[in-house]
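The values are calculated or read from the model by the stated rules, or taken from the named source; none is laboratory data. Not measured: the values here are computed from a predicted model. Methodologically, a virtual Cβ is constructed for each residue, glycine included, from the backbone with ideal geometry; neighbour enumeration extends over all protein chains shown. These accessible areas exclude ligands, DNA and RNA; they are computed on the full protein's heavy atoms, side chains included. Shrake-Rupley method; radii C 1.70, N 1.55, O 1.52, S 1.80 Å.
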Amino acid sequence: MRIFHEPESLKKHLSSVKTDQKSIGFVPTMGALHEGHLSLIDAAKNTTDKVVASIYINPTQFDNQSDLDAYPRVAEQDLEMLKNRGCDIVFLPTDTIMYPKPSQLNISFGSLENTLEGKERPGHFNGVGLIVSKLFHLILPDHAFFGQKDYQQFLIIDQLCQELFFPLRLHCMPIVREANGLAMSSRNGRLSKLAFKEAGLIYDSLLRAKAALLDGIHIPMIKEEIKNFYAGQKNFDLAYFEFRNKYNLQAVDEQMEPKDMIICIAVYCENVRLIDNLIINS
Ligand code: AMP
């Protein structure tokens, strides 16, 4: 596995890969890797000839300094995991490389951004758009792999690629979960043992809401039940629980069929923000 810290040497190596007519699959990450990230590496390996992963904690996508400070940094362990999984190339840049000076660029994603995570975390998707654009330009992948776990992020990047004509194919891969149903996340390590165990209830609540929807229960009633449920959980603070149009994340109406919906949740547990979602594919 080749490791690069500098764009110039990375680009030189990748251009030799391209000259050999090999396709490049790219998996951007912020490190503290788990099976969710590694499933993206597997998908990239199954689709492309050479897999590039990046590990970079992008400061511009954090709306909260303490969240950035608390983000786990375990590069050695990450590199070992990537190597064992057969990743070919890793890009590990520094802040000075990715942002030689503070960026004045502001990418706005309109209605896709002004809701859910974008609404609760001002500037977050501008930071995501910036860093993903920079990485795509440096790496020039043929395919890029993202997790459904951050579904709004996937739609944002899809919009970015379409509007800016990035010549690559995007893939949205399924959410990998812990045995109790909790979506794997680099943030889960900040939970106490008890909270980690209890956090299985997040996925349970999504499944319960989906079952109720397919049983024909009206959405406001389902949301009411879920809100009451979280109000009774002392370790959990619900930020949102929403049924949305899965293509654009706008509000659903009574006419919309369940198969076109996604249920999205954000919840705080021991001050850790956890997100999850469930696409209704009945
Ligand atoms: P992050 O390191 O959190 O920026 O995540 C890097 C990529 O891994 C993103 O595309 C995430 O959506 C994806 N990812 C994170 N958690 C999971 C998971 N549990 N299952 C599948 N993909 C995930």
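Does Ile107 fit the bill of being touching a Ser or Thr at 6+ places or on another chain (Cβ under 8 Å) and within 13 Å of the ligand (Cβ to nearest atom)?
No: the conditions fail for Ile107.
Among the candidates Leu92, Leu10, single out the residue that is of a type in the set (A, V, I, L, M) and away from the ligand (no atom under 15 Å from the Cβ).
Residue meeting the stated conditions: Leu10.
Being at pLDDT below 95 and either farther than 23 Å from Ile222 by Cβ or among the acidic types (Asp, Glu) (or both) is true for just one of Arg187, Arg169. Which residue is that?
Of Arg187, Arg169, the one residue that is at pLDDT below 95 and either farther than 23 Å from Ile222 by Cβ or among the acidic types (Asp, Glu) (or both) is Arg187.
Checking Asn84 against (1) out of contact with any His (no Cβ under 6 Å at 6 or more places or on another chain); (2) within 16 Å of the ligand (Cβ to nearest atom); (3) of a type in the set (S, T, N, Q), only one condition comes out false. Which one?
With respect to (1) out of contact with any His (no Cβ under 6 Å at 6 or more places or on another chain); (2) within 16 Å of the ligand (Cβ to nearest atom); (3) of a type in the set (S, T, N, Q), Asn84 is out only on (2).
Would the range 227-239 turn up any residue that is in contact with a Lys or Arg (Cβ under 9 Å, 6 or more places away or on another chain), outside any helix (DSSP H, G or I) and not acidic (Asp, Glu)?
yes
Every residue in the range 174-211 that is open to solvent by less than 50 Å² (accessible area, probe 1.4 Å) and outside any helix (DSSP H, G or I), please.
Ile175, Val176, Gly181, Leu182, Ala183, Met184, Ser185, Leu191, Ser192, Ala199
When you scan the range 39-55, how many residues do you find that are more than 9 Å from the ligand (Cβ to nearest atom) and either open to solvent by less than 30 Å² (accessible area, probe 1.4 Å) or among the β-branched types (Val, Ile, Thr) (or both)?
9
If only one of Arg244, Arg273 is closer than 19 Å to Leu201 by Cβ and basic (Lys, Arg), which one is it?
Arg273
Of all residues in the range 18-38, which are modelled with pLDDT of 95 or more and away from the ligand (no atom under 11 Å from the Cβ)?
Lys22, Ser23, Ile24, Gly25
Confirm whether Leu249 is assigned to a loop (DSSP other than H, G, I, E, B) and open to solvent by less than 50 Å² (accessible area, probe 1.4 Å).
yes
List the number of the failed condition for Pro258; all other conditions in (1) at positive phi; (2) surrounded by fewer than 17 Cβ atoms within 10 Å (Cβ to Cβ) hold.
Going through the list (1) at positive phi; (2) surrounded by fewer than 17 Cβ atoms within 10 Å (Cβ to Cβ), Pro258 breaks only (1).
Which helices (runs of 4 or more DSSP H) does the range 56-160 wholly contain that include 2 or more residues that are closer than 26 Å to Leu249 by Cβ, in contact (Cβ under 8 Å) with a residue 12 or more places away in the chain and open to solvent by 10 Å² or more (accessible area, probe 1.4 Å)?
116-120, 124-139
Within the range 254-270, track down each residue that is in contact with a strand residue (DSSP E or B) (Cβ under 9 Å, 6 or more places away or on another chain) and part of a loop (DSSP other than H, G, I, E, B).
Hit for the range 254-270 is Met256, nothing else.
State whether the residues of the range 226-237 include one that is within 16 Å of the ligand (Cβ to nearest atom) and open to solvent by 30 Å² or more (accessible area, probe 1.4 Å).
no
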